[in-house]
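A.B. asks: Got a structure here, written out as structure tokens. Questions coming.
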Amino acid sequence: MHSTMFGSISFTLFPIMIFGIAFMGAFLLPLVRSSMPAGNLALIVHASFLLLGFMVGAFGLLGNEVMNRRFGQASLLAYSARSLPLSEAHIFFVFVVKDIVYYFFLWVFPFCFGYILASPFIGVPLAGSLLLLLSLTLAFLYGLCTVFFLSAIYARSRALLYLALLLLSIAWGSAVAFLSINPAYFFPPMLLFSAFSWTNLLLSIVILSALFVLAVFLFSPEQTGSIKELRNTFAPLARRLTFLPDPSLAAKDLIDLYRSGSAIGQTLFSFLIPLAVIWFFLSLLGPFLPPHGLLFLFATITGVIASTMYTWVTMFDSFGPYACLPVPVSRIISGKLMTFTLLQAVPVLFVASVGILSGETLYAIPAVVLCLAVSYYAAGIMVWLTGLSPNVLVYDVKVMAIYLVLLGVALTIFSSLAFANPLYSFASVILFVPAWLFIQKGKVRWDAVEPSGF
Amino acid sequence: MTMILQAHDLSKEYGDVKAVDHVTLGVREGSLFGLLGPNGSGKTTMIKMLTGQIRPTGGSATVLDLDVIRDPVGVREKVGIIPEQETPPSFLTAIEYLAFVGAIRKIPDLEEKADWWFDFLEFRDKKNVLCKDLSRGTRQKLMFAQAFLHEPALALIDEPLINFDPIMQDVVKEYCVEYAKKGNTIFISTHILEVAEDICSEFAILHKGKLMHTGPVAELTGRGEHLPQFFLSLVLKGNHV
């Protein structure tokens, strides 16, 4: 599907780019090791692949509806149960396996292969590189299966999910508060990487399999029999949003987000849970970061993740409803950015809470500013590069490469400034200027492109 | 009579495929114009170009004196459009979708107008149901209502009757005829030839992207010919050519 959307060459080049980044990045390892132990670096990489698993899993959850909106009557494998003699659980199982294989060859294998090929030149034994391939694959699968597991609970009972998350948080918090142990140390793939043993491997696989089997067992397909009648929310909401330049578009998007379940689902699975996990991984790096560095590194990462909220507001739309209305693409982009702005309340509250809870209340405001500046800057790049199709075009190698370079440069500059002095984070407001320029350029660019759906 | 829609040498190519191949045609104000053609003949592409949804690769077109290439949004502001695939937003209810369209088009007395359509097309009981839960026929009713909500001087409809039951087909056909009688213009694309012969005042036949014929229906029936036979002979001849 991805190759059909933006050409087989661009698609084929994507894993090659990942390979190239890993291969060249590996040569920087000797430099990084001088300031940070290899174990901590491995921790970051494992956390990144765990996060990737989370993100892929969260998209997979919503893929059904997303594809239906994008392609109208075209249907996914997920719909086959209605026309073929296959059970929903079987299709769900195939769906998960397909996702695993697909993303393994798109992301995990190219990354590890790059590292494996570079390992003889940087003095890393081949066995260590192969172990990394195994443990990163497991880290990715943990992210994926955890989201599928939690979403299977979520589909059955939201209350049950909240209870499960609450219990998990209490257990995690207790371990940190009373035993002074960071549970991230016990992340099975990380344990395996730091001390390979067959027992650790078995433990990793057993826990993973349990998550997977439970997810398939708990999976309950969407019930299509009930048709609900809902009261008219659009008109009152649009009236309440008259302070915005285009209240009708914002009202439609907010209703879409709420009724599709993605406002809660995405906030949980694509934002709060991944970031909570990342926080625990990053907190292990505390000793190797400058004072207050952890909060600002976390604010930067939250900013990047918060920018993906732009994909939340574009993923459910097809061009159909707009094609017959006098609405140019630039106006829809503005509408989506309005909704995006309203959603930024989530990262603002999140970073502020983390700042306060970690005892750095004084720096909560500069951290929030840094987070918002990064988020808008990254969203601006997305608008310019992908218009209304960020979910799709992100796998175009050219788009991804430009995005990474533009974002990487800004992140390096502003996280370094924040590390040097937390108050320098305020300098990141300058990022709103290129963000605005990217958005303006994006509007002109995508108005000129024939809209074929997004 | 004034021409409300004019296409000159209009073309659309997708790589090597010529979806619409140098088509020149005009539609008179107050007419009910039928664009006929087999599947894949370029009818939908033609409607999309004339409503500024896609850009032609060659030629020009004006709709209500607006250039479809230079001012596609202006064209969509004035006309009503019913696309081939009915795609109202999934998570709005029927009434909310009409309210959304009304807000975008700045239509006064929207609730009153929406209520009239719910009654006229007999789907009041579905007004609070999410669009994704509506049947295809009801979605088509909703799309029909949104296209005429602002009472456009020109409505372009791609396959107007395809999802309607025979009773609703009659209601809609009658509405189109009456709407045109009031001086408005309706441009429909269809491959249901009997419908075209029944309600259209003028027609054009498109085949493999090329315009095969255009003229009044009365001219044809005056010669004792019927549209379906004429269409078949022309298209079959086109296939042999």
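What follows is calculated from the coordinates using simple rules that are stated; it is not laboratory data. This is a predicted model, so every value here is computed, not measured. Don't worry about glycine lacking a Cβ; one is built from the backbone with ideal geometry, like all the others, and counts go over all protein chains shown.
A.B. asks: Could you work out the per residue convex hull volume over the alpha carbons of the stretch A:291-360, in cubic angstrom? Could you put the intermediate results ahead of the total?
C.D. replies: Details: hull volume 5.4 nm³, N = 70.
With only Cα atoms used, the stretch A:291-360 gives 77 Å³ per residue.
A.B. asks: Tell me the Kirkwood radius of the stretch A:326-428: reciprocal of the mean inverse pair distance over distinct alpha-carbon atoms, in Å. Kindly include the intermediate steps, with their values, before the conclusion.
C.D. replies: Working: mean 1/r = 0.0661 Å⁻¹.
One decimal place: 15.1 Å for the Kirkwood radius.
A.B. asks: Have a look at the stretch B:94-207 and give its Rg and Dmax from the Cα atoms, expressed in angstrom.
C.D. replies: For the stretch B:94-207, the Cα-based Rg and Dmax read 14.3, 43 Å.
A.B. asks: Search the structure for amide H atoms under 5 Å from the amide H of residue B:28, placed 1.01 Å from N in the peptide plane, and list their residues when 5 or more places away or on another chain.
C.D. replies: Residues meeting the amide H criterion: B:4.
A.B. asks: Determine the shielding of peptide B:68-78 by partner chains: average, over its residues, the number of Cβ atoms on other chains within 10 angstrom of each Cβ.
C.D. replies: The shielding value for this peptide is 2.
A.B. asks: On alpha carbon coordinates alone, what is the Rg over Rh value for chain B, Rh being the Kirkwood radius? Mind showing how you got there, number by number?
C.D. replies: Details: Rg = 17.8 Å, Rh = 18.4 Å.
Ratio value, two decimals: 0.97.
A.B. asks: Still on this model: Can you list the residues, at least 5 places off or on another chain, whose amide H is less than 5 Å from the amide H of residue B:20, using H built in the peptide plane?
C.D. replies: Correct list: B:12.
A.B. asks: Using the Kirkwood radius built from alpha carbon pairs, what does the Stokes-Einstein equation give as D for the stretch A:119-267 at 10 °C and 1.306 mPa s, in µm² per second? Walk me through the intermediate numbers first.
C.D. replies: On the way: Rh = 19.5 Å.
The Stokes-Einstein estimate is 82 µm²/s.
A.B. asks: Please state the equivalent ellipsoid semi-axes for the stretch A:12-53: what are the square roots of 5 times the Cα gyration tensor eigenvalues, largest first, in whole Å? Write down the numbers at each step before the final one.
C.D. replies: Numbers: eigenvalues 91, 48, 4 Å².
For the stretch A:12-53, the ellipsoid semi-axes come out as 21, 16, 4 Å.
A.B. asks: Order of A:361-373, A:404-416 by packing, highest average Cβ count within 10 Å first?
C.D. replies: On the way: A:361-373: 21.8, A:404-416: 15.7.
Ranked from most to least packed, the peptides come out as A:361-373, A:404-416.
A.B. asks: Can you give the direction-averaged projected area of the convex hull of the alpha-carbon atoms in the stretch B:1-128, in nm²?
C.D. replies: Numbers: hull surface 39.1 nm².
That works out to 9.8 nm², a quarter of the Cα hull's surface.
A.B. asks: Going Cα to Cα from residue B:237, which lysines come in below 26 Å? Please leave out same-chain ones fewer than 8 positions away.
C.D. replies: Those lysines meeting the cut-off are B:12, B:18, B:43, B:208, B:210.
A.B. asks: Further, regarding this structure: Give the aspartates and glutamates whose C-alpha is closer than 13 Å to that of residue B:126, dropping any in the same chain fewer than 8 places away, or say none.
C.D. replies: Of all the aspartates and glutamates, those that pass the test against residue B:126 - Cα under 13 Å, at least 8 places apart if same chain - are A:229, B:96, B:115.
A.B. asks: Radius of gyration and Dmax for the stretch A:102-160's Cα atoms, expressed in Å?
C.D. replies: For the stretch A:102-160, the Cα-based Rg and Dmax read 16.3, 53 Å.
A.B. asks: Compute and list, largest first, the equivalent-ellipsoid semi-axes of the stretch B:65-147 from the alpha carbon gyration tensor, each √(5λ) rounded to a whole angstrom.
C.D. replies: Values: eigenvalues 112, 42, 24 Å².
The three semi-axes for the stretch B:65-147 are 24, 14, 11 Å.
A.B. asks: Can you count the Lys pairs in chain A whose Cα atoms are under 29 Å apart, with each pair 8 or more apart or on different chains?
C.D. replies: 11
A.B. asks: Quick query: amide H of residue B:81 versus all other amide H atoms, modeled in the peptide plane; which residues come in under 5 Å with a sequence gap of 5 or more or a different chain?
C.D. replies: Amide H neighbours of residue B:81, under 5 Å, 5+ apart: B:156.
A.B. asks: Send over the per residue convex hull volume for the protein assembly as shown, Cα only, as a whole number of Å³. Kindly include the intermediate steps, with their values, before the conclusion.
C.D. replies: Numbers: hull volume 122.8 nm³, N = 695.
Measuring per residue, one finds 177 Å³ for the Cα hull of the protein assembly as shown.
A.B. asks: What shape does the stretch A:211-347 have by the C-alpha gyration tensor, where a ≥ b ≥ c are the square roots of the eigenvalues, rounded means a/c under 1.5, and otherwise prolate means a/b greater than b/c and oblate the rest?
C.D. replies: On the way: a/c = 2.62, a/b = 1.40, b/c = 1.87.
Oblate, because a/c is 1.5 or more while a/b does not exceed b/c.
A.B. asks: Something else now. Peptide B:95-106: average number of partner chain Cβ atoms within 10 Å per residue? Walk me through the numbers on the way to the answer.
C.D. replies: Numbers: counts 5, 11, 3, 1, 8, 10, 4, 3, 9, 10, 3, 2.
That average works out to 6.
A.B. asks: Restricting things to alpha carbons, tell me how big the stretch A:240-454 is in terms of Rg and Dmax, in Å.
C.D. replies: Gyration radius and largest Cα-Cα distance of the stretch A:240-454: 17.5, 58 Å.
A.B. asks: Where in chain A are the helices, taken as whole DSSP H runs, whose Cα atoms extend 27 angstrom or more along the long axis and whose Kyte-Doolittle mean reaches at least 0.5?
C.D. replies: On the way: long enough: A:8-26 (28 Å, 1.88); A:38-71 (46 Å, 1.09); A:126-156 (45 Å, 1.84); A:158-179 (30 Å, 1.92); A:198-218 (29 Å, 2.41); A:364-386 (32 Å, 1.90); A:397-420 (34 Å, 2.15).
Helices passing the filter in chain A: A:8-26, A:38-71, A:126-156, A:158-179, A:198-218, A:364-386, A:397-420.
A.B. asks: If the cut-off is 13 Å between C-alpha atoms, which aspartates and glutamates fall inside it for residue B:106, apart from same-chain ones fewer than 8 positions away?
C.D. replies: Counting by Cα, and skipping residues close in sequence, residue B:106 has these aspartates and glutamates nearby: A:246, B:77, B:151.
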